[in-house]
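Below: the structure, in structure tokens.
The values are calculated or read from the model by the stated rules, or taken from the named source; none is laboratory data. As the structure is a prediction and not an experimental result, all values here were calculated from the model. Please note: Cβ atoms are built from the backbone with ideal geometry, for glycine as well, and neighbour counts cover all protein chains shown. All accessible areas refer to the heavy atoms of the entire protein, side chains included, with ligands and DNA or RNA removed. Shrake-Rupley method; radii C 1.70, N 1.55, O 1.52, S 1.80 Å.
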Amino acid sequence: MATVRDLLATKGTAVISIAPNATVLEAAQLMNERGIGGVLVMDDDQHLIGIFTERDILRRVVAADKAPASTRVSEVLTTAVVTCQPETTIDECGAIMTSRRVRHLPVIDARGVRGLVTSGDVLAFRVSDQESTIQHMNSYMFNTR
């Protein structure tokens, strides 16, 4: 069964992060530049403090009428971060994301943050896996006659 480790081997392990003292405006600009929906918030020692997502901007900044240029990420980030491990299966990731209603799962092991898996990553991995299965079945069915 495919695991997060397999997904990261394809996707890569690069993680976009920001410091807790950055402004919401800086975080939003970084997210826009990178075309991503969230950033990990890491301290100077690269320990995970929380996550800052589009949902946080909507709920904790815009709806709360806070100024993005003067509000610090540390004031509005999500600290109860749902995570997974490299050994977590892709199916388990999907189930976690669905049940916890999150779209980003930092991948954590004993050494710290190892990557980030998004709902889009899980979907793309599943589609790719299904395409491979279909190709294999077609090859088997039409080449064995």
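The figures follow:
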item	result
Fluctuation leader among Ala95, Ala14, Ala110 - the chain, Gaussian network, Cα springs under 10 angstrom	Ala110
Rounded accessible area per residue of the chain, 1.4 Å, Å²	62 Å²
Degrees between helix 90-100 axis and first principal axis of the chain (Cα, 0 to 90, nearest 10)	40 degrees
Mean shadow area of region 83-131, taken as a quarter of the surface of its Cα convex hull (nm²)	3.2 nm²
Residue with peak Gaussian network fluctuation, the chain [Cα springs, cutoff 10 Å], from Ile51, Ile36, Ile18	Ile36
Accessible area of the chain belonging to carbon and sulfur atoms, whole % at 1.4 Å probe	50 percent
Rg over Rh [alpha-carbon atoms, Kirkwood Rh] for the chain	1.09
Ellipsoid equivalent to region 1-52 - semi-axes via the Cα gyration tensor, in Å	24, 14, 8
Cβ charges +1 (Lys, Arg) and -1 (Asp, Glu), total dipole of the chain, debye	320 debye
Dipole of the chain [Lys/Arg +1, Asp/Glu -1 at C-beta], most positive-end residue of Pro20, Gly50, Phe125	Phe125
